[in-house]
Each structure stands twice: as structure tokens, then as C-alpha cells.
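Working notes for the structure below.
The values are calculated or read from the model by the stated rules, or taken from the named source; none is laboratory data. If you're wondering where the values come from, they're calculated on a predicted model, not measured in any experiment. Cβ placement follows ideal geometry from the backbone for every residue including glycine, while neighbour counts extend to all protein chains displayed. Areas reflect the complete protein model, heavy atoms only, side chains present, ligands, DNA and RNA absent. Shrake-Rupley method; radii C 1.70, N 1.55, O 1.52, S 1.80 Å.
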Amino acid sequence: MVFRKLPGVSASGMGLRLSQKFVFLLFLSGLVTLCFGALFFLPDSVRLKRIFLSKTETQPVTVGSGSENDVREHLKRPKDQDYKKFKRCLLRPPLGTDDGKPSDPKTNERREKVKEMMKFAWDNYKRYAWGKNELQPLTRNGHIGNMFGGLRGASIIDSLDTLYIMGLVEEYNDAKDWVQTSLDLNSNGEASLFEVNIRYVGGLLSAYYLTGEELFKNKAVELGEKLLPAFNTPTGIPRGVINLGSGTSWSWGWASAGSSILAEFGTLHLEFVHLTELSGNPIYTEKVMNIRKLLNKIEKPHGLYPNFLSPVSGNWVQHHVSIGGLGDSFYEYLIKSYLMSDKTDDDAKKMYYSALEAIEANLVQKSPGGLTYMAEWRGGILDHKMGHLACFSGGMIGIGADDGAPEKRQHYLDLAAEITHTCHESYTPTKLGPEAFRFDSGAEATATRLSDRYYILRPEVIESYMYMWRLTHDPKYREWGWEAVQALEEHCRVESGFSGIRDVYTLTVSHDNMQQSFFLSETLKYLYLLFSDDDLLPLEDWVFNTEAHPLPIVRKRNHLIFAL
Ligand code: DMJ
């Protein structure tokens, strides 16, 4: 290296100054490294990393992330202020002007009937199964099951928001007290990641957003943390089962070749985005965005998403496509992610509408009798069967209609109405519907196999009535909902609760002795909303997770108000 002599400075003097500078710079850089290093070893370093590291590395990918100053300012504010601010950012009050009470007396009477059903279901659960997961109404005892990894009180968590919106105050308070005193998250059993997420995390999040009780928020975040180890796979696609104590996770024994299920790993997005919003920890959003990225990139047969994916290789394991079981809520969460992001999540939007195009091109069929249905697809061969679970798609296509290409909007609304009509057709002669119905060998929306004839208090058909009512105000949806109420009363109500039935085609019913927790969370909530004014949980502000737990739309101007 050649030094040019500076005027008035000898060569040796310049060398001395340079080495002094060098030592000083070395000292300074050591000091800076030490300070940063120390910061990262402090407790709660995640938040500090979030402030100091580059945006691309750790910034949450949610909408509404704020600047560093926003974060600092935000952290200083008392928490209840956050909640008040969140409420102010809603477009309308969550419970409407008069708790959604309809002015028409007949509709109000029907709504009151649904409330009475909820109280009856709840009271019996409380009396015979308190603290267990579900009520067995014939044997009058509680059921724990094996889906929740030793967690208890699934019916309580699933009911919190329903009790609250129905104004069942005493019951809601009992539920809240139980969460406070008895919801123990330190369980050590094998849980379904999907079920724990949609029922427990979803139920607690909704309860928090509706009531502002910090207890629910803290429990939701605590539980969310316990689910994270399920994502420790080579691809980041979580496995279906997790031990909540040890964090060990594995795939369902019945899933082909150790695969993960589309409807399971694809139904985490809404809850996980809210976990990031509430905790300030970007990790939840990062996990679900990673799933999103992989699904966006991977090649899809005819644009369709098969139901089984390897969490190791990231490839499809077999080509079974279904809008019912195994696939269903993945599609639901695409459009709802877009809506929940205040319509800013463009990837979700693109993925939803191209999936819907592929579904229309490959799966949507018209029966000889003129019924529109969604068949299942097995490596290119159609199975002309539609599951009860697939009946949620009437509502899904309905809520997505308005954001489709302008020339397609009416078409989507018509398609939604046709699917809902087909599902209503399957509800006969008990006026309740089978688990799966077919459109082959002369069958028109009828279960042809004995094993498909049961009804376990599922909500999907009623869910579509509720959305279609909100979107069209066609009175037939309320009439169909009322038919369902009467049928539930006649065939499913027993002395000590509600029970599923084994055969919807036999008027002398046989009960299955199970009051599913989703009956309280979804079926009765959707019925109640169907007979309420639209300003009860308005769709401008809320999306419902797949267990019918309402989550607020994350608005840009809301940014960071949810973080700790
Ligand atoms: C619920 O737990 C959810 O709606 C899920 O998406 C599908 N199955 C049940 C209700 O049928």
C-alpha cells in the first residue's frame, strides 16, 4: 500500500497516528459487540431482537407491524389501554346496538329458543360433566377423549363466546371462573395440534377480544407456545400430534407415509397471526407464513391441493383432493386470512381464487337431478360423494364472492347458493343430514352406505345458512335454520342434553350419547346469529375461525395495539 505524504506530517508521525486510530477503532468495535451481545442474553431477548435486528430477519410478516418507536411507545402503555384502543378501531360495537335483537317478534322468539337450547346443553354439561371435555347425555357423565392431550374443559372453552354473546351472564361467569382456577395447561398427553388450536387457542382468543379479560389472552399465548415444537420438522410443516409436555411430535398413524394433513397444518393461520399480535412475538406468524410459502411454491396437480404432504420432503404423498374432511378448512383459512388482514394479504387472496378455479374446473359437478355438488378427486378419478363437512363451502364461497374478479362475483354468489341448496336437500326425512351423501347410481344427495348415515350435531350446513342469510337476506335461509332447530329438538334433545343420532333416515332415532363441544361453539352460535340482526358480530369487523370463534380483522391503523 502506498501512503501519499500529507503536508506538514512526517512519515513516521503519520504511521503513529494511524496505529493509534487503529487501536481506538478496535476498542470501539469490541465495545459495540459486547453491548449488543449482552442485550441478546437479557431475558425476553425476542423483543429486543425484534427491535434491533433487520426487518427481513425477524419482523413479523403480519399486517400492521409498526416502527421501532411504535414498539417502544407501545411497551410503555398500560395493557387495558391497548384493549380500549382495539375496541375503538372496530367499525361497529361487537354486540350491535341491542345485542343483535331482531325487531320482528317471530324471529326474536326463534332466537330465544336457540338461547334456551344453549342453556339446556350448558346446564347439563355443568351438572354431569363439569371440567371434562364433553357431555355424554344418556349415561350422564363426562367424556375426555384423546384429542386434547390431557387438557380438560373443551366444552367450557368452546362455549365462552357463545354464552357471552347470548347474554348468559351467570353461565359465562362460571366458565370464566373455571378457566381462572382449573384450566391447567401443564398437561403431558398427546394432542391434535389442529383441534387444540381451533378449539382452545381460538376459544380463548375470542373470549379475550370480546371481554378484554387478560386471563384469556395469557392462557392463549401460554398454550400457543406449547404448540411450537410441532413445527420442528425439516420443512417446518408441523406434524399432526404433539405431546404438550415434552414437545415431541409425530404424524397420525393413519396418515399415509408419515404425512401431515392439509386441513390440519393449513388451519393455523388465523389464530397464529393473532398470537403474534397479542404477544408481540413474531414466531407464530413466521411459522404459518412458512407453511404458506411452501404451499404457494409447490407444484399442484391441475392447480389442486392434495390432502397429504410429507413434513420431511415437502412433497405431496398421494393425490386425494377433497373440500370435505382432510382438506376443508385449508381453503376456508385462505379467504379468511385475506379478510382478516383487512384485505391486504394478497398471497392468500391469489391462492384462494386460483384454488377455487381449480375446484370449479375439476370437482364441481351437476347431478342428473340438477343439484350442484363438490365431488372428491382421487388421482384424476372423481368420487361422486360430498361430506357434511364440505357443506361449509356454501358460506365460504359466499363470503369470498365480493372480492373475486368483477365478472365472477355474481357467479360465486350463485354457486354458494346452489351448494347451500344441495346441502339443504341432503337434510331429509328427519330434517337432519348424513355424514356423507352421494350422487351416483341414481342417488341425489343421499347416503347410500349405512356407515354414512349418522349425524353428530355438526354445524356446516347451518353455517352456510347463516352466511347466506347475511349476504342475501333471502328469508328461506332463516326458514331452513328453523327446520334444523325443530329437528334438533325432536331427534337430538334427550333428557340430559343433546346427542348425535346414528341414522338420519330413521324416524325412531338411536342416539350416539355424545354432545360434541362444537355443538355449543358452532351449531348453536350460527343458529343464534341467523336469527339475530346483522350487527351482532358484524362481518366488517370479524371473521370466524373454523370452530366459529370470532377473531377481529387486523386493521393497519390498529397496528401493535394488541402486543404486550
Ligand atoms: C369442527 O371442529 C370444525 O368446524 C372443523 O373445521 C370441522 N369439524 C368440526 C365440526 O363438524
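Take every Cα pair under 8 Å whose residues are at least 6 apart in sequence, average their separation, divide by the length of the stretch 79-552, and the relative contact order is 18 percent. Between Arg140 and Glu490, the contour length at 0.36 nm per residue exceeds the Cα-Cα span by 124.1 nm.
In terms of its alpha-carbon gyration tensor, the stretch 215-304 comes out oblate; a/c meets the 1.5 threshold, while b/c is at least as large as a/b. Taking GluC sites (Glu not before Pro) across the stretch 253-312, the ones in a DSSP loop with at most 15 further Cβ atoms lying within 10 angstrom of their Cβ are Glu299. Entry note: the stretch 121-215 has Rg to Rh equal to 0.95, where both radii use alpha-carbon atoms and Rh is the Kirkwood radius. Work out, in µm²/s and without decimals, the Stokes-Einstein translational diffusion coefficient of the stretch 79-552 at 37 °C, 0.692 mPa s, Rh from Kirkwood over C-alpha pairs. After rounding, the answer is 147 µm²/s.
Counting only lysines at least 8 places from Lys226 when in the same chain, those with an alpha carbon closer than 22 Å to its own are Lys49, Lys132, Lys176, Lys217, Lys287. Computed from phi, the 3J(HN,Hα) profile of the stretch 366-378 under the Karplus parametrisation 6.51, -1.76, 1.60 (θ = phi - 60°) reads 10, 7, x, x, x, 8, 8, 8, 10, 7, 9, 10, 10 Hz, with x in place of Gly and Pro.
Rounded to whole numbers, the Karplus 3J(HN,Hα) couplings from phi for the stretch 136-143 are 9, x, 7, 8, 6, 8, x, 10 Hz, using 6.51 cos²θ - 1.76 cosθ + 1.60 with θ = phi - 60°, and x at Gly and Pro. When the alpha carbon gyration tensor of the stretch 324-430 is reduced to an equivalent ellipsoid, its three semi-axes come out at 24, 15, 13 angstrom, largest first.
The packing ranking of peptides 437-446, 94-103, 524-533, 216-225, highest mean first, is 524-533, 216-225, 437-446, 94-103, where packing means the average number of other beta carbon atoms within 10 angstrom of each residue. In order along the stretch 391-406, phi translates into HN-Hα couplings of 6, 5, 5, x, x, 4, 5, x, 5, x, 4, 5, 9, x, 4, x Hz, rounded to whole numbers, per the Karplus curve 6.51 cos²θ - 1.76 cosθ + 1.60 with θ = phi - 60° and x for Gly and Pro.
Site pair His302 and Asn108 shows an inter-label distance of 5.2 nm when each label is modelled 7 Å from Cα along Cα→Cβ.
For the stretch 79-552, carbon and sulfur atoms together expose 48% of the accessible surface, with a 1.4 angstrom probe and every protein chain in place. Note that the stretch 280-410 presents 36 Å² accessible area per residue, ligands and nucleic acids not counted, probe 1.4 Å.
Fully extending the segment from Tyr505 to Asp414, taken as 0.36 nm per residue of separation minus the present Cα-Cα distance, adds 29.8 nm.
For the stretch 342-437, the number of Lys pairs with C-alpha atoms closer than 27 Å, counting only pairs eight or more positions apart or on separate chains, is 10.
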